[in-house]
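The values are calculated or read from the model by the stated rules, or taken from the named source; none is laboratory data. This is a predicted model, so every value here is computed, not measured. In this analysis, Cβ positions are derived from the backbone assuming ideal geometry, glycine residues included, and neighbour counts consider all displayed protein chains.
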Amino acid sequence: MGPLKTLWHRLGSPRWFYGMLAPWQLGFGVAAIALLTIGTIWGLVFAPADYQQGESFRIIYIHVPTVILAQSAYMMLGVAGFVLLVWRMKMADVAMVAIVPFGIAITALGLFTGAVWGRPTWGTWWEWTDARLVSTLILLFLYFGLYALRQAIPNAQSAGRACAVLAIVGLINIPIIKYSVEWWTTLHQGSTFSVTRVSMPMQMWAPLLVNVIGMYCLFGWVITRRMRTEVLRRERDTAWVNELIGSRL
C-alpha cells in the first residue's frame, strides 16, 4: 500500500483525523491573528488612498478577501460532497457541517462590505441589475439552503447525501460569480489581481494579499476547530473519546 493510499485510509479514521488537526488548528489561529492584524492596519492606515475613490477604497482590504473566501469555501463544500457521495467518507460530511455556518457568515460579510463600498462609489447600496451582486446573493442562499436542508432531514446519512448533491449542483454558480463582469455589463470592476495580472500598485496590493492569506488562515482555524468538535460529538460513545475526556479530567 502506497503512502498516498495509506493517508487516504487514515483520513477516514475519526480518531486519527481528530489528533492530526490539533497542530493545524493552533498554527492557523496564530497565523490568522498575525496576518489579519498586519494586513488590516497596513491597508487602512498606511496604504495610499485611491486617486478616484479616495478613502472609501480602503474597504477593499476587508471586502475582497471575504468574497474570495466565500467562493473558495463553497468549492471546498463541493469537493467534500463529491468525496462523500463517491467514497462515503465520514470526514467529508464532517467538513461540510463545519464549513456551512462559516460560509453563511463570510458571504453575508462580503455582501455587507460590498454595499458599504457601493454607496459612495456607485451612489446606491444595491443594484439588482448587477450580475455579480445577484450571483453572490444566490451563493448566500445556497449556504442557507444547505443549512436548512440538513436541519430538515432527521436521518444524518440521508441529510449528508442530500447536502452533498446540493453542494455539487451549486458549484455552477461559482464561475458565474467570477466571470459575470466579463459576460455582462455590471457596475463591478474587473479582477483586482490574479495569478498573472495585477491592476494596482504594490503599496495597495501587498496588504490586500496579506489579508487574503490571513482570511484563508482564519478559515483553516475555524474549520479545524469545528471539525474536531463535530468528531467528538459523533464519536461521543466510543472508547477513545471516553479515554480522551477522562485524561482531561
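A few points about this structure:
- Just one of (1) under 21 Å from Ser13 (Cα atoms); (2) under 13 Å from the mean Cα position of the chain (by Cα) fails for Ile106. It is (1).
- In this structure, Thr113 does not qualify as crowded, with 21+ Cβ neighbours inside 10 Å, touching a residue at least 24 places away in the same chain (Cβ under 8 Å) and among the β-branched types (Val, Ile, Thr).
- Within the stretch 138-172, the set of residues being of a type outside the set (A, V, I, L, M, F, W, C) and either in contact (Cβ under 8 Å) with a residue 40 or more places away in the chain or more than 18 Å from Thr107 (Cβ to Cβ) (or both) comprises Tyr143, Tyr147, Arg150, Gln151, Pro154, Asn155, Gln157, Ser158, Gly160, Arg161, Gly170.
- None of Gly78, Gly54, Gly43, Gly27 is of a type in the set (Gly, Ala, Ser) and closer than 28 Å to Gly170 by Cβ except Gly78.
- Checking Ser72 against (1) more than 20 Å from Arg150 (Cα to Cα); (2) modelled with pLDDT under 95; (3) surrounded by fewer than 18 Cβ atoms within 10 Å (Cβ to Cβ), the condition it does not meet: (2)
- Test: residue in the stretch 48-65 that is outside any helix (DSSP H, G or I) and touching a Phe, Trp or Tyr at 6+ places or on another chain (Cβ under 8 Å): yes
- Of the helices (runs of 4 or more DSSP H) that lie entirely inside the stretch 147-248, those containing 1 or more residues that are buried (at least 18 other Cβ atoms within 10 Å of the Cβ), under 21 Å from the mean Cα position of the chain (by Cα) and among the basic types (Lys, Arg) span 202-234.
- The stretch 1-56, residues that are among the small types (Gly, Ala, Ser), at pLDDT 85 or above, within 30 Å of Thr238 (Cα to Cα) and exposed (fewer than 13 other Cβ atoms within 10 Å of the Cβ): Ala22
- Val97 over 30 Å from Gly19 (Cβ atoms), out of contact with any Pro (no Cβ under 8 Å at 6 or more places or on another chain) and in a helix (DSSP H, G or I): no
- Here Leu84, Leu77, Leu133 are screened, and the one residue that is assigned to a helix (DSSP H, G or I), out of contact with any Cys (no Cβ under 9 Å at 6 or more places or on another chain), touching a residue at least 40 places away in the same chain (Cβ under 8 Å) and not acidic (Asp, Glu) is Leu133.
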